[in-house]
Amino acid sequence: MLEIVSSKGALGARLEGLDRAKANEPELAATLNRALAEHLLVVIPGDPMTPAQTRDFAAAFGKPQTQLLRYKRSGEVPEVSVMVSTLMTDGTTDKTALRAEDWHTDDSYFAIPAKATLLHSIEIPSQGGSTWFCNMHSVYEALPEATKKRIDGKRAIHGYDTPRARNRPSPRTPAEIAETPDVEHPLVRTHPDTGRKALYLNPNRLDRIVGMERAESDALLDELADEARKPQHHFGHVWKRGDIVVWDNRATMHRVMIDYPVGETRIMQRVLIEGSRPV
Ligand SMILES: [Fe+2]
């Protein structure tokens, strides 16, 4: 019997007693999607799965899509990417792991960003490496009225790389570069399921606000990011091996804590669920 237990924090719920193999049954899938839209983040405890099982489970939330970086795709199941973020003593840790340490939302450099992201832990370090989530509905609602007026109707440019990000991203192949031109999104978007407004921010990818000088745009983006950094909007998930976590990219940001021991394996499977154009 499925039980949805709210985290009682800024966002998040734990789904207890869910039979993962039945997640695609229409009634259950509808329940899962309602829980996602309401809580923005669902945690489903269980055992590690194969990439094919993970893809099939993810389909309860929509269409799994292949991800940009080819080298991460799981061989036989290209919709599942294998994210290895083990910290190496020689400093060769995958750069995307380090970039993920700052707040971001997945895929905003695409015209149609992913609706949701699923992460499934296969191996976790003995300590650290938790993932933190930010409720972008509550961030928007907490903004001063004057700031809400300033950003109302504004659009912003998202790029694969921007000088505003703290770190440079993983290099792309020519094919990957061709797939990632800069795109424009509204700065405030409306959740298609609930009608709630959310600030659509991504400090890793957001370059500038359309129609503003760089300095003015930088100052405003910093002010918005400062609100999102307040702990009242956050929930942290401490991983157990086999956990599935699904979050709603339409109204959240997330970051990983890179505070786990060097040399300890950290492997996640990741699936992105096809989304719709932000409005
Ligand atoms: Fe991410």
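The values are calculated or read from the model by the stated rules, or taken from the named source; none is laboratory data. Not measured: the values here are computed from a predicted model. With ideal geometry, Cβ positions are generated from the backbone for all residues, glycine too; neighbour counts draw on all protein chains shown.
Assorted remarks:
- Extreme residue, surrounded by the most Cβ atoms within 10 Å (Cβ to Cβ), among residues of the range 32-46 that are in contact with a Ser or Thr (Cβ under 7 Å, 6 or more places away or on another chain) and not in a helix (DSSP H, G or I): L40
- Check on V262, of a type in the set (V, I, T) and within 14 Å of the ligand (Cβ to nearest atom): no
- The set of residues in the range 181-200 being surrounded by fewer than 16 Cβ atoms within 10 Å (Cβ to Cβ) and within 26 Å of L69 (Cβ to Cβ) consists of P181, D182, E184.
- Within the range 228-235, the presence of at least one residue that is assigned to a helix (DSSP H, G or I), surrounded by fewer than 14 Cβ atoms within 10 Å (Cβ to Cβ), modelled with pLDDT of 95 or more and away from the ligand (no atom under 16 Å from the Cβ) is confirmed.
- Failed condition for E76, given (1) within 16 Å of the chain's Cα centre (by Cα); (2) over 15 Å from G242 (Cα atoms): (1)
- A219 passes every criterion in (1) in a helix (DSSP H, G or I); (2) surrounded by fewer than 16 Cβ atoms within 10 Å (Cβ to Cβ); (3) touching a helix residue (DSSP H, G or I) at 6+ places or on another chain (Cβ under 8 Å) apart from (3).
- Reported count of residues in the range 131-163, each being within 17 Å of P181 (Cα to Cα), touching a Lys or Arg at 6+ places or on another chain (Cβ under 9 Å) and not in a strand (DSSP E or B), is 4.
- Matching residues, the range 148-166, being modelled with pLDDT under 90 and loosely packed, with under 14 Cβ neighbours inside 10 Å: P163, R166
- Among residues of the range 63-77 that are assigned to a strand (DSSP E or B), those with a Cβ under 6 angstrom from a residue that is not basic (K, R), sequence gap 6+ or separate chain, pair up as P64/A58; P64/E79; P64/V271; Q65/L272; Q65/E274; R73/S81.
- Residues located in the range 68-106, provided they are within 16 Å of the ligand (Cβ to nearest atom), under 14 Å from G263 (Cα atoms) and modelled with pLDDT of 80 or more: V84, S85
- In the range 107-119, the residue that is nearest to L36 (Cα to Cα) out of those that are within 11 Å of the ligand (Cβ to nearest atom) and among the hydroxyl-bearing types (S, T, Y) is T117.
- Test for P231: is it of a type outside the set (V, I, T) and either under 15 Å from T86 (Cβ atoms) or touching a His at 6+ places or on another chain (Cβ under 6 Å) (or both): no
- The range 201-216, subset hydrophobic (A, V, I, L, M, F, W, C) and crowded, with 21+ Cβ neighbours inside 10 Å, residue nearest to the chain's Cα centre (by Cα): L201
Every residue, every condition in (1) surrounded by fewer than 13 Cβ atoms within 10 Å (Cβ to Cβ); (2) within 29 Å of G195 (Cα to Cα); (3) within 16 Å of the chain's Cα centre (by Cα), yes or no:
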site: G12; (1), (2), (3): no, yes, yes
site: A30; (1), (2), (3): yes, yes, no
site: P48; (1), (2), (3): no, no, no
site: P51; (1), (2), (3): no, no, no
site: R55; (1), (2), (3): no, yes, no
site: A59; (1), (2), (3): no, yes, no
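- Criterion (under 20 Å from G242 (Cα atoms) and out of contact with any Lys or Arg (no Cβ under 7 Å at 6 or more places or on another chain)) met by exactly one of T92, T54: T54
- The range 85-130 - residue that is more than 12 Å from the chain's Cα centre (by Cα) and assigned to a strand (DSSP E or B) and, of those, surrounded by the most Cβ atoms within 10 Å (Cβ to Cβ): H120
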